[in-house]
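**Q** Let me give you the structure first, and then I'll get to my questions.
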Amino acid sequence: GDTVNTAARMESSGARSKIQCSQTTADSLVEAGKEHWLKARSELVEAKGKGRMQTFWIEPREHQASHVSSAPSAEVAALFDEKTQRLVDWNTDVLARLIRQVVALRNVSIKGKKKSFKPSVSKIEFQCDLSKSNGTALDEVREIIELPEFDHSLASKQEDPDSINLGQDILGELREYIVNIASMYHNNPFHNFEHASHVTMSVVKLLSRIVAPDEVYSDAGVKDSHKLASSLHDHTYGITSDPLTQFACVFSALIHDVDHSGVPNAQLVKERTHIASFYKGKSVAEQNSVDIA
């Protein structure tokens with residue numbers, strides 16, 4: 001029938017060492033996120049009983065990696081829909097709150113000095129050429145990370161993080177970074193910026209269910225608060241009393257799928273893509289996300 005007729009026309013109009021497909025197959029490839037594989041033929045194919053039809057050459061190749069836009073973040077953010085704008089604002093607020101907690105702990109840690117720690121913006125021009133790198137993100141993974149020991153004297157004297165003013169420069173730079181991260185998420189059915197924000201929300205919720213040692217000191221009814229706070233620190237591997245670790249957890253959730261092409265790692269390796277070769281076929285998409293972020 002129609003399928004045999006179409007296949008026969010494409011066979012007779014094909015070219016050596018080339019793969020030709022119909023519009024229907026091309027549409028399926030687009031839905032699978034492989035539109036970059038397609039190249040429309042310049043000439044139409046004549047099919048008996050159907051007239052002239054558009055066909056495509058299939059040229060499997062790697063999707064181009066994302067890059068940070070050179071446009072100002074305000075211009076990039078203006079292209080986001082209302083939901084994405086809200087997610088950018090929410091992620092900014094969450095990370096800013098954790099930064100305030102980090103600053104509060106540093107302030108009490110350097111008590112006795114003339115000046116407290118004051119956050120400041122440091123512009124660092126950094127360019128990373130992966131082709132010249134000798135290692136990958138996975139090479140930096142460590143089985144054990146030592147977290148700071150619990151100091152009950154510091155926890156009991158820590159100031160209220162909400163009272164710390166980060167300043168508009170820092171908040172502006174933080175939001176600019178998150179806007180860039182959001183812009184590097186592709187419009188995939190699943191691995192997109194909304195998904196990343198949902199994972200971030202889950203991490204924040206899980207962290208909020210852990211009783212922090214500083215909360216123990218605010219409860220006048222708790223006996224032997226020093227011992228209890230230290231115990232909580234040990235049982236949660238130090239997460240409860242180290243805001244920098246909490247920041248790392250939330251930050252990791254936010255950037256975990258940056259530049260994800262929507263294609264599983266196994267398929268990237270099977271297709272022998274450049275990115276799979278660079279990361280030696282291990283945690284391909286994940287390592288790329290870390291490097292991009």
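**Q** Only one residue in Val68, Val30 is modelled with pLDDT of 80 or more and among the hydrophobic types (A, V, I, L, M, F, W, C), so which one is that?
**A** Values: Val68 fails: modelled with pLDDT of 80 or more.
Going through Val68, Val30 in turn, the sole match is Val30.
**Q** Taking the stated definitions as given, is Lys48 at pLDDT below 75 and either among the charged types (D, E, K, R) or surrounded by fewer than 11 Cβ atoms within 10 Å (Cβ to Cβ) (or both)? Before the answer, list the steps.
**A** Details: at pLDDT below 75: yes; either among the charged types (D, E, K, R) or surrounded by fewer than 11 Cβ atoms within 10 Å (Cβ to Cβ) (or both): yes.
Considered against the rule, which asks whether it is at pLDDT below 75 and either among the charged types (D, E, K, R) or surrounded by fewer than 11 Cβ atoms within 10 Å (Cβ to Cβ) (or both), Lys48 comes out as yes.
**Q** Also: Look through region 14-45, keep the residues that are open to solvent by less than 30 Å² (accessible area, probe 1.4 Å) and among the small types (Gly, Ala, Ser), and return whichever of them is farthest from Asn192 (Cα to Cα).
**A** Only one residue fits best here, namely Ser22.
**Q** State all residues of region 239-274 that are among the small types (Gly, Ala, Ser) and either in a helix (DSSP H, G or I) or under 19 Å from Thr84 (Cβ atoms) (or both); if no residue qualifies, say none. Walk me through it before giving the result.
**A** The initial filter retains those residues of region 239-274 that are among the small types (Gly, Ala, Ser), namely 241, 248, 252-253, 261-262, 266.
Passing the criteria: Ala248, Ser252, Ala253, Gly262, Ala266.
**Q** Another question, then. Quick one: in region 126-145, which of the residues that are in a loop (DSSP other than H, G, I, E, B) and small (Gly, Ala, Ser) is modelled with the highest pLDDT? Let's see the steps before the verdict.
**A** From region 126-145, those in a loop (DSSP other than H, G, I, E, B) are 126-129, 133-136, 141-145; that's our starting set.
Applying the additional criterion that residues be small (Gly, Ala, Ser) yields 133, 135.
Numbers: Ser133: 54, Gly135: 79.
Among those that are in a loop (DSSP other than H, G, I, E, B) and small (Gly, Ala, Ser), it is Gly135.
**Q** Within region 270-282, track down each residue that is modelled with pLDDT of 90 or more and in contact with a Lys or Arg (Cβ under 9 Å, 6 or more places away or on another chain).
**A** Ala276
The values are calculated or read from the model by the stated rules, or taken from the named source; none is laboratory data. All figures in this text were calculated on a predicted structure; none of them were measured in a lab. Note that we place each Cβ from the backbone using ideal geometry, even for glycine, and neighbour counts take in every protein chain shown. Ligands, DNA and RNA are stripped out before the accessible areas are found, and what is left, the full protein with its side chains, is counted by its heavy atoms. Shrake-Rupley method; radii C 1.70, N 1.55, O 1.52, S 1.80 Å.
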